[in-house]
Structure formats: structure tokens, C-alpha cells
Amino acid sequence: MNQAGSSKKVQSLVTMGLLSAILLVTQLGMAFLPNIELVTSLIIVYTLVYRKRVFPVIYTFVLLEGIVFGFGIWWISYLYIWSILAFIVLALPQDNPPIIWAVTAGAFGLLFGALCAIPYLISGGPGAAFAYWAAGIPYDVLHCAGNFTLTWILFKPLYHILKKLRDSQQE
């Protein structure tokens, strides 16, 4: 491999690492707010800009969360939940207007608790899964509102910044 190819690989690896770190730092920085986070918005934008290369970013973020918060049953859901969001984004038309991405983020926030209940279904049965999900409904509503609002406000600037970063790396 020539030096230019090697340099682009290193640059790509560093970028993916930084994107993962940004996910963790924004989540930690907003942790005092109940279910208000930028992770959903960022994963939507990351997926639109970097397509399938988002998956190593997601799994690095999830690993870092486990290291910071511990590897409890909640962590198992994070192994698939963020990938589900990325797959949804990959399945939708890439040129959707920001309102569609805001609605997608809001719907994802509303469904977050139900998706996180799956490990409880497996470990404790339907009653445990339902109890987990039902107890979190008020937080899912906050999650929905926060995701919609943050994505609606920040989608365009984040998308343009990341697209410029990606395009500058391809030159």
C-alpha cells in the first residue's frame, strides 16, 4: 500500500474514533437531563454521511458506555438498538427533508423503551418486559420530544459539517 493510501486509512480510523468519542461525550454531558440526548440525532447524521461505516462507530460507542457505566442487562439492548436506528436510516431515502429525520428520531425515542425491554423478555418473561417498558413510558415521551426537537434544530448544521469533513478527507 502506498503512503497516500495508508494515510487515508489512518485518517478514516481517527475520524471514526472521534465520532465515537463525540457520541459518548455528548451523552455524558447531557446525562443530567432525563432521556434528552444527542446520540440519536448524531447516529442519524453519521449514517447519512458515512453509510455502513457507521457500525464500527456505534459498537465503539457501546463498548465505551459499558466501560463507563458497567455491563448490565441494559447494555445488551445497546448492542442492537443503535444498529436498528442505523438500518432504518439506511432504508429511508437519503435526501429526506429534515422534518422526516426529526420525526424518525422522535418515533425512535418513543419506541426506545419497548426495544430495550427485549432482554427483560428473554431473562424474566413477558411480565418483566412489560413492567420495564410501562415504567419507562413517561421517559419515552420525553425521549421522543427531545429527539424530535434536537434533530429538527441541529440536523442541517450537523449534516453540513460532517459532509464537509468527509469530503475534505476524500480529496
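The values are calculated or read from the model by the stated rules, or taken from the named source; none is laboratory data. All values reported here derive from a predicted model rather than from experimental measurement. For neighbour counting, all protein chains shown are included, and Cβ atoms are generated from backbone atoms with ideal geometry for every residue, glycine included. Accessible surface is based on the protein model in full, side chains and every heavy atom, while ligands, DNA and RNA are left aside. Shrake-Rupley method; radii C 1.70, N 1.55, O 1.52, S 1.80 Å.
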**OP:** Would you mind stating whether I58 is farther than 27 Å from T15 by Cα and open to solvent by less than 70 Å² (accessible area, probe 1.4 Å)?
**Re:** no
Original post:
Among T15, T47, T40, which is the only one that is buried (at least 16 other Cβ atoms within 10 Å of the Cβ) and either charged (D, E, K, R) or modelled with pLDDT under 95 (or both)?
Top reply: T15
**OP:** Among the helices (runs of 4 or more DSSP H) lying completely within region 95-154, list those that include at least 3 residues that are surrounded by 14 or more Cβ atoms within 10 Å (Cβ to Cβ) and under 19 Å from the mean Cα position of the chain (by Cα).
**Re:** 98-116
Subject >> Filter pass, E65 being under 21 Å from F148 (Cβ atoms), charged (D, E, K, R) and surrounded by 18 or more Cβ atoms within 10 Å (Cβ to Cβ) >> reply: no
Original post:
What's the number of the condition I88 fails, among (1) in contact with a Ser or Thr (Cβ under 8 Å, 6 or more places away or on another chain); (2) β-branched (V, I, T); (3) open to solvent by less than 60 Å² (accessible area, probe 1.4 Å)?
Top reply: (3)
Original post:
What number of residues within region 75-94 satisfy the criterion of being more than 16 Å from N35 (Cα to Cα), touching a Leu at 6+ places or on another chain (Cβ under 7 Å) and either in a helix (DSSP H, G or I) or without any contact (Cβ under 8 Å) to a residue 24 or more places away in the chain (or both)?
Top reply: 2
Original post:
Within region 1-45, how many residues are assigned to a loop (DSSP other than H, G, I, E, B), among the aliphatic types (A, V, I, L, M) and within 13 Å of the chain's Cα centre (by Cα)?
Top reply: 2
Subject >> Residues of region 136-171 that turn out to be modelled with pLDDT of 95 or more and acidic (D, E), as a count >> reply: 1
